[in-house]
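Below: the structure, in structure tokens.
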């Protein structure tokens, strides 16, 4: 695992197309923004795991988040 340190407003690149920016930090939560092309899926890990398990309502749940 690569570990990077970033401050609020700083970004990192994943490949040539995905940009991840630290938007804010409040307590033990970090808000991040992900800028990626439409063909790149971006999900929180718990949503991704539900997709992999084939949960029927996962897409509706993900859109509400």
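The values are calculated or read from the model by the stated rules, or taken from the named source; none is laboratory data. All of these numbers come straight from a predicted model, not from anything done at the bench. As a convention, Cβ positions derive from the backbone with ideal geometry for all residues, glycine included, and neighbour counts pool all protein chains shown.
Looking across segment 17-43, just one residue is surrounded by fewer than 11 Cβ atoms within 10 Å (Cβ to Cβ) and under 10 Å from the mean Cα position of the chain (by Cα), and that is 41.
Going by what's in this entry, would residue 14 be described as surrounded by 10 or more Cβ atoms within 10 Å (Cβ to Cβ), under 16 Å from the mean Cα position of the chain (by Cα) and modelled with pLDDT under 90? Criteria not met by residue 14.
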